[in-house]
Amino acid sequence: MALADRFDGFLLDLDGVVWIGREPVPGSAEALRALREEGKGIVFVTNNPGKPPAAYAERLRELGVEVAPEQVVTAGMVAARLAGDAADGGSALVIGAPALKEMVAATGATLLEGEAAWEADAVVVSGHRGFDYEELLAAKRALDAGAAFVATSRDPTMPYPGGELPGTGSVLAAVETATGRRAEIAGKPERHLFEMAIESLRGSFVRHERTKEPRNLKLAMVGDRVSSDIAGGHAAGLETILVLSGTTSREDAETADPAPDHVVDSLGDLLA
Ligand SMILES: [Mg+2]
């Protein structure tokens, strides 16, 4: 019996599982199409807030995998929601990619930059290539004055062809060091993103009138990073499947804490 047969649905990480940078992981598109054909529920969960869900859905479509934007939950969406609630119609400083800024602005928060941001009601942190001292200083001033503090993740790195990139955790460490404060994390392994994804997955089963009671669905989290995917999936009460196509080596997998329920080389092995 293939590993996939044990489950009704999957929460699937993207970076390091479906693709690495611009390059698809070999066999991942075929595996996703097969899971769909078998009627498995799928929701994609990513700590990468660099693009809106529709853009990730479009990229999956380019790989030949039909996906609706509702099937993608990003830490950016969750961070925007948390920051929007905290700012409550006020203002926010967003250290992050343009897509994240748009999501936070869509909550009704006014985005501030530079010295004006010293008075922001909420600070949202995510790794991006334009991170600089001025952003760090503005975040410090706002946080020292009591702003709410949200970050998309603590992932130290991002898988990338040719070598990992510094991730949100690296940028967040600078902000936390400068302020002595600790951010609320929107993405994996914290519960917020998992709750949104599991709700979306159960909802899709209801919409498609599948026979099983949504509460009894057997779900698994599939990801390449132990500290976010496996720890978070485990805490959310899901079975966990670690793939070795991303940031975790087989050696590291053997001593992983928490230990994943299953370890496979890549997504294609779910169906082998
Ligand atoms: Mg990953």
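Key figures
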{"quantity": "Of all residues making up segment 14-46, the number that are under 17 Å from the mean Cα position of the chain (by Cα) and open to solvent by less than 10 Å² (accessible area, probe 1.4 Å)", "calculated": "9"}
{"quantity": "Residue match in segment 57-64 (condition: open to solvent by 10 Å² or more (accessible area, probe 1.4 Å) and within 16 Å of the ligand (Cβ to nearest atom))", "calculated": "yes"}
{"quantity": "Residue selected from segment 53-71 under the condition acidic (Asp, Glu) and assigned to a helix (DSSP H, G or I), by the criterion farthest from residue 112 (Cα to Cα)", "calculated": "62"}
{"quantity": "Filter pass, residue 156 being within 20 Å of residue 232 (Cβ to Cβ), within 16 Å of the ligand (Cβ to nearest atom) and open to solvent by 50 Å² or more (accessible area, probe 1.4 Å)", "calculated": "yes"}
{"quantity": "Within segment 222-233, considering residues that are open to solvent by 10 Å² or more (accessible area, probe 1.4 Å) and of a type outside the set (S, T, N, Q), the one farthest from the ligand (Cβ to nearest atom)", "calculated": "231"}
{"quantity": "Options 236, 259: the member that is open to solvent by 30 Å² or more (accessible area, probe 1.4 Å), modelled with pLDDT of 95 or more and within 21 Å of residue 53 (Cβ to Cβ)", "calculated": "236"}
{"quantity": "Filter result for residue 67 (open to solvent by less than 30 Å² (accessible area, probe 1.4 Å) and more than 15 Å from the ligand (Cβ to nearest atom))", "calculated": "yes"}
{"quantity": "Search result, residues across segment 105-136 that are within 21 Å of residue 46 (Cα to Cα) and either open to solvent by 80 Å² or more (accessible area, probe 1.4 Å) or outside the structural domain of residue 85 (by TED's automatic domain parsing) (or both)", "calculated": "106, 129"}
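Results for (1) under 21 Å from residue 229 (Cβ atoms); (2) modelled with pLDDT under 95; (3) in contact with a helix residue (DSSP H, G or I) (Cβ under 9 Å, 6 or more places away or on another chain), shown as yes or no for each residue.
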{"site": "17", "(1), (2), (3)": "yes, no, yes"}
{"site": "28", "(1), (2), (3)": "yes, no, yes"}
{"site": "61", "(1), (2), (3)": "no, no, no"}
{"site": "85", "(1), (2), (3)": "no, no, no"}
{"site": "94", "(1), (2), (3)": "no, no, yes"}
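The values are calculated or read from the model by the stated rules, or taken from the named source; none is laboratory data. Predicted model only: the values in this text are computed from it and were never measured. Counting neighbours? That spans all protein chains shown, and the Cβs are built from the backbone with ideal geometry, glycine included. Surface areas here come from the heavy atoms of the whole protein model, side chains and all, with no ligands, DNA or RNA. Shrake-Rupley method; radii C 1.70, N 1.55, O 1.52, S 1.80 Å.
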